[in-house]
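The values are calculated or read from the model by the stated rules, or taken from the named source; none is laboratory data. These numbers were taken from a predicted model, which means no experiment stands behind them. Please note that ligands, DNA and RNA were not included when accessible areas were found on the heavy atoms of the full protein model with its side chains. Shrake-Rupley method; radii C 1.70, N 1.55, O 1.52, S 1.80 Å.
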Amino acid sequence: MTRQFEFDCIIVGAGIIGATCFHQFTAAGKRCLLLEQRQLSAGITGASGCIVRVSHRTNEAIDAAALGFHFYQKLSHDSAGYVPFTRKGYLHFADEETLLRIHERLLHNGIRAEILTQASLRHQYPDFPVIATSAIYEPDSGYMDAKPTLEFLVQSAVVLGGKYLDAVELQQLLWDQETHHVNGVMTSMGEFYAPNIVLAMGNATTAFLQQHFSDDCGMWNQLIQVTRFTHDVPLSGAPCFIDDLNELNGRWCPVTSGFFAGYPTGLRVPSNDSYRSVDKSHALFTQQRAQQRFPWLKGASTNGALCHSDCYSQQSIGVIGEQASLPKGIFVASGFSGGGFKMAPYVAATLLPSITGLQESTTQPSSSARAVITQELSS
């Protein structure tokens, strides 16, 4: 007997990956259910820096991030100010040959960018010295705020007929033993049925896959610590940045007028180890390394951190799509190694043809729907 599915797709996890998929699939006309174990912005997305930039080491990642950049620009515009996009500019430090290659690819994707020399860096940031001979500069890049971004994405889909449930625990997946095709999920609120399941569970992904399929699909959890530093003299502004040469990343903090700087911990942790307090020794090491690039950090004090685990993989972007070890119809969307925010629109666009049968990757709500969404969020 053919099962009557109540949904076309069930998305597990309402972080930025799941919320963006929910938004895009529903806007494409599919009946979608989004399940979240906690509440919006209570997970890893809420603890991230939410940086939106395009420059990456590989062309594949640049192309993917460019799609995300254009998506978030439009999302901010469509929200009539509800979803802020803070443009602070973005610097990418790498060797000269790499910078030239990246710069060419950025222009190919319609991204404003230039290579700044040491003199132009001083001119661009007179109050925030940068020690470098050159760097790529993206003037239109910056960061977003997790909470309003997630709210707008989810509410957009709900207005268009999507269903969102939070405080729901995924217990197991349901599939046909003969066809080896998924047909639903069992949760703490009962069973729900759909022929497609997207697992966008962030740092809970590996444990779930290991428990139910004995396969982590090449992913693991790793601790991230991006330490916030403050100074006696408040910092009025600073760029978002990534430094391939020193393995650093970070951005300005508007709350404390301080500066975030992160260096890989390399520490693998279990899935239940989601959040930790600041590791002072790692913060000191990061500061010593980062002050070689940004002298402002000399004499700065540690003032908290974005300190949490995330799902990592060896893939240049992440693990996206069906996996050979899993039943058909299960799509993994995880393993983004701390870069999921900027890649979320690309993930949704990549999965969209499999879920909907459509090729269009820039589906957006109608203007009338956007007006309803903005009005409801503002009330």
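In table form, for the structure just shown:
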{"read-out": "Cα-based reach from Lys163 at 15 Å (exclusive), listing aspartates and glutamates while leaving out same-chain residues under 8 positions away", "value": "Glu6, Asp8, Glu36, Glu151, Glu191"}
{"read-out": "Solvent-accessible area per residue, Å², over the chain with all protein chains present [probe radius 1.4 Å]", "value": "42"}
{"read-out": "Within the accessible area of the chain (1.4 Å probe), percent carbon and sulfur", "value": "48"}
{"read-out": "Ratio Rg/Rh [Cα only; Rh per Kirkwood] for the range 247-364", "value": "1.08"}
{"read-out": "Dimensionless Rg/Rh of the chain - Kirkwood Rh, Rg from C-alpha atoms", "value": "0.98"}
{"read-out": "Column: log10 I(q)/I(0), Debye, Cα scatterers of the range 24-95, q = 0.21, 0.23, 0.28 Å⁻¹", "value": "-1.23, -1.27, -1.24"}
{"read-out": "The chain: angle of helix 59-78 to the longest principal axis, Cα-based, in degrees nearest 10", "value": "80"}
{"read-out": "Stokes-Einstein diffusion coefficient of the range 123-219, Kirkwood radius over Cα pairs, 25 °C, 0.890 mPa s, in µm²/s", "value": "136"}
{"read-out": "Nearby aspartates and glutamates by direct alpha-carbon distance to Lys88 (threshold 19 angstrom, same-chain neighbours under 8 apart not counted)", "value": "Glu114, Asp127, Glu138, Asp140, Asp145, Asp243"}
{"read-out": "Helix axis angle, 96-108 relative to the chain longest principal axis, alpha carbon, degrees", "value": "50"}
